[in-house]
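**Student:** Dropping the structure in here first, questions after.
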């Protein structure tokens, strides 16, 4: 006879399977499926890091979504970093202060085959608070290197890949994971083959656990055989950068290739090494945060943008969320708060924001990959002196309330 706990677990799993079916059916119909969670603003912005007051150097400014880990001693390391990767540290998520020590930096190597030019720590995961794994947004900025960029324009020669780093001292110092180039994900094209456009896999989300594996999303533009959208990546070996696999539309069968090792002569061969984006039409912009809502078991994605469709009920630029029971089928996006991105800012507008993420100070997860009934929306807020976007920016957090539209038992 099944125990009461096992019965409850099976009922919960059946409900999630039902939600998966509902979302999948909605994604093929003209009827919009709203998020199963409602996220509402509960307070005013609170400054976490003020560039003019707290900055330790020219490149100490929030330039990526906020991520955090709880160390083995219970303290917290919060990263919202530039390519000189520094942390904010303290006894709790709401009580962190700048630490000027650089924990990690790319080698600024001119050879794109090294996958180590300028590097941002963007994803964190730890099981014990001592060994901390990081996924790194690595930009080869060809315009900075002689002979790498005929136009000398940043975006024309921006070649992006995801690499891995690891810390064995609780996020005090990171080093490349495994054997360099520690490659997690790259397009099956060399930098020279992609000149004239920014290309690659960008800005991974946080890492979440689901069905005995770890998952994250990463954004990519349409380049060559790769379609534009958010790629879902999975691993069961977090310590091995090469173990990540991407969704191909039917399963996690995409093994990423190093284009400087595995040479391609045609697009048919390349097609096996690119992802099939998930949530097409729903995850309309780069997902900058991915967490699990612990009370319901649903996944929650955070994005920033403005709806593309003129018939959208909320055609305002802002911070949006979408929900999913399985990371594959996603709801329509719903507005959390209006906000102007730094790419849409014009003089006289409210201060623009970027890099939204979601962290719950009460999360029991060491990587803050879960949220409960309340959380904080972390944002980079630009101060726009003289109406200019530059490095003068602050990290702020805004209290939120999260409630379920449907009860999942």
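The values are calculated or read from the model by the stated rules, or taken from the named source; none is laboratory data. Just so we're clear, the structure is a prediction, and the values are computed from it rather than from any experiment. No Cβ is skipped: glycine too gets one built from the backbone with ideal geometry, and neighbour counts run over all protein chains shown.
**Student:** Any idea how many residues of the range 243-267 are in contact with a strand residue (DSSP E or B) (Cβ under 6 Å, 6 or more places away or on another chain), free of Cβ contacts under 8 Å to residues at least 60 places away in the same chain and in a loop (DSSP other than H, G, I, E, B)?
**Tutor:** Residues that pass the stated criteria total 2.
Okay, residues lined up against (1) within 29 Å of residue 363 (Cβ to Cβ); (2) free of Cβ contacts under 8 Å to residues at least 12 places away in the same chain:
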residue: 179; (1), (2): no, yes
residue: 201; (1), (2): yes, no
residue: 211; (1), (2): yes, yes
residue: 220; (1), (2): yes, no
residue: 228; (1), (2): no, no
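**Student:** Moving on. Among the numbered criteria (1) farther than 21 Å from residue 256 by Cβ; (2) in contact with a helix residue (DSSP H, G or I) (Cβ under 6 Å, 6 or more places away or on another chain); (3) assigned to a loop (DSSP other than H, G, I, E, B), which single criterion is violated by residue 143?
**Tutor:** Every listed condition holds for residue 143 apart from (3).
**Student:** Let me ask you something else. Might you check whether a residue that is in contact with a helix residue (DSSP H, G or I) (Cβ under 9 Å, 6 or more places away or on another chain) and touching a residue at least 40 places away in the same chain (Cβ under 8 Å) occurs anywhere in the range 61-72?
**Tutor:** Scanning the range 61-72, I find at least one residue that is in contact with a helix residue (DSSP H, G or I) (Cβ under 9 Å, 6 or more places away or on another chain) and touching a residue at least 40 places away in the same chain (Cβ under 8 Å), so the answer is yes.
**Student:** A follow-up question, please. Which of the residues that make up the range 307-326 are modelled with pLDDT of 65 or more, outside any strand (DSSP E or B) and within 19 Å of residue 405 (Cβ to Cβ)?
**Tutor:** 325, 326
**Student:** Kindly indicate whether residue 87 is touching a strand residue (DSSP E or B) at 6+ places or on another chain (Cβ under 7 Å) and closer than 16 Å to residue 173 by Cβ.
**Tutor:** When the stated conditions are applied, residue 87 passes them.
**Student:** Within the range 135-172, track down each residue that is within 23 Å of the chain's Cα centre (by Cα) and surrounded by fewer than 16 Cβ atoms within 10 Å (Cβ to Cβ).
**Tutor:** Listed by number, the residues that qualify are 154, 155, 168, 172.
**Student:** Please indicate, with yes or no, whether at least one residue in the range 24-38 is out of contact with any helix residue (DSSP H, G or I) (no Cβ under 6 Å at 6 or more places or on another chain) and either assigned to a strand (DSSP E or B) or at pLDDT 95 or above (or both).
**Tutor:** Yes: one or more hits.
**Student:** Does any residue of the range 197-219 turn out to be modelled with pLDDT under 95 and touching a helix residue (DSSP H, G or I) at 6+ places or on another chain (Cβ under 9 Å)?
**Tutor:** There is at least one residue in the range 197-219 that is modelled with pLDDT under 95 and touching a helix residue (DSSP H, G or I) at 6+ places or on another chain (Cβ under 9 Å).
**Student:** Sticking with this one: Consider the range 212-242. How many of its residues are more than 26 Å from residue 127 (Cβ to Cβ) and assigned to a strand (DSSP E or B)?
**Tutor:** Summing the residues that are more than 26 Å from residue 127 (Cβ to Cβ) and assigned to a strand (DSSP E or B) in the range 212-242 gives 5.
Residues checked against (1) farther than 16 Å from residue 319 by Cα; (2) over 17 Å from the mean Cα position of the chain (by Cα):
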position: 361; (1), (2): yes, yes
position: 373; (1), (2): yes, yes
position: 379; (1), (2): no, no
position: 385; (1), (2): yes, yes
position: 401; (1), (2): no, yes
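**Student:** Taking the range 373-402 as the region of interest, how many residues are exposed (fewer than 15 other Cβ atoms within 10 Å of the Cβ) and at pLDDT below 95?
**Tutor:** The qualifying residues number 5.
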